[in-house]
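Heads up: the structure comes next, in structure tokens.
Derivation of every value follows stated rules applied to the coordinates shown; laboratory data play no part. If you're wondering where the values come from, they're calculated on a predicted model, not measured in any experiment. For neighbour counting, all protein chains shown are included, and Cβ atoms are generated from backbone atoms with ideal geometry for every residue, glycine included.
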Amino acid sequence: MQDTKAMAEQVLAGNRRALARAITLVESGRDDHRVQALALLEALRGHNRTALRIGLSGTPGVGKSTFIEAFGMMLTGQGLRVAVLAVDPSSARSGGSILGDKTRMERLSRDKNAFIRPSPSQTQLGGVARRTREAIDLCEAAGFDVILIETVGVGQSETMVSEMSDLFLLLLAPAGGDELQGVKRGIMEMADILLVNKADGDLKHTAMRTCADYAGALRLLRKRPQDPQEFPKALTVSAVEQNGLDTAWEAMTELNSWRQENGHFSARRAAQARHWFEAEVRERLLARLAKEPIRGIMTDLGSQVENGRLTPSAAAQALLKEHLYLE
Ligand code: GDP
């Protein structure tokens, strides 16, 4: 049994090893660990620190780790403390991962003002969401100024990450007009800033054209009345040559300041908190159904429905009322 009060104090003091242990605790599936994790998060509540949470998505190979390393180093160079969390939906499915297998962000990982945490493997997407949310809370409590939450552009992970971020960035590669169509509209709509990476060398011209194409596409999307006119916007960057990173950061801070001043920042966080509360209730109810003894009872009731001894409605009613105490 870990002393969660002491752990909370160490996290608040910015102790990185304590932070790493705390994240391991919230990642654990063990029931006794869950009890401790909740006590820890409760002990950390009300610390009054606010990090800028930036979600970042992009397909494999687009340059996410190169970008995060360069961008992260730029921020730590300005005296900011940066945490990087990875959300890897592939590890939930297959146990293998797209993010985190290779040595990534080597320089940033040695920076004492940076903290990098790879995605845990072998968890359900719902579990990944909870773990990431709680890890974000822990990093915020530990006093990080910026938390980058990185994910791969597949499936539902973008939606999930955007729902735990203050700003959402989409990293794109220079491409012909056809590939622009390949970015799903829903993902474009989530993004506050599109960054066309690799705007250097032979690719520079294509990157600029791609950026203009995306800027045009953004103008056609539904406007967000709460944001300034020029957002969402598209910009070019080169992670390798470290070009455009300062402009990208300016755009992020501009949008964030606007939202802070106009109350949209806190409104978004409040809505996100409600969303995750409801998601967790749903998730845990479903988890109860999959666990004994409810699973066995459902199998029994299912057999009775199959051979006509109970109607589906009566069986459902019996389960909810007598076994889950819900009706
Ligand atoms: P990830 O899979 O999205 O994390 O992508 P990586 O950061 O591993 O980058 C994939 C490849 O693109 C690597 O070979 C990088 O060197 C290259 N790359 C990343 N950023 C840039 C850039 O700004 N310009 C160019 N030319 N190549 C880049």
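Miscellaneous remarks
- Once C-alpha pairs closer than 8 Å and six or more residues apart are averaged by separation and normalised to the residue number of segment 200-294, the relative contact order reads 20 percent.
- Qualifying lysines (Cα of each under 27 Å from Cα of LYS184; at least 8 residues distant if same chain): LYS64, LYS198, LYS204, LYS223, LYS233
- Residues whose placed amide H lies under 5 Å from that of ALA239, excluding near-sequence neighbours: LYS198, ALA199
- Segment 49-262: C-alpha gyration tensor shape, a/c 1.5 cut-off, then a/b vs b/c: rounded
- Across segment 133-145, coupling constants 3J(HN,Hα) worked out from phi with the 6.51/-1.76/1.60 Karplus curve, θ = phi - 60°, read 4, 6, 5, 4, 4, 5, 5, 5, 4, 6, x, 5, 8 Hz, and Gly and Pro carry x.
- Helix 31-44 vs. the chain, principal-axis angle (Cα, 0 to 90°, nearest 10): 50
- Those lysines that a straight Cα-Cα span of less than 23 Å connects to LYS5, excepting residues fewer than 8 apart in one chain: none
- Its Cα gyration tensor gives segment 1-45 an equivalent ellipsoid. The semi-axes, each the square root of 5 times an eigenvalue, are 16, 11, 8 Å from largest down.
- For the chain, the relative contact order comes to 17 percent (Cα pairs under 8 Å, sequence separation of at least 6).
- Check: the chain dipole with +1 on Lys, Arg Cβ and -1 on Asp, Glu Cβ, in debye: 320
- Under the criterion of Cα pairs below 8 Å and six or more residues apart, the relative contact order for segment 1-45 equals 47 percent.
- Of LYS291, LYS233, LYS112, the residue with the greatest mean-square motion in the GNM of the chain, using alpha carbon springs below 10 Å, is LYS291.
- Taking the C-alpha atoms of segment 1-89, convex hull volume expressed per residue in Å³: 118
- Coil-residue GluC sites (Glu not before Pro) of segment 137-232, DSSP, other Cβ within 10 Å capped at 16: GLU230
- Lysines with Cα under 29 Å of LYS321, excluding same-chain neighbours fewer than 8 positions away: LYS291
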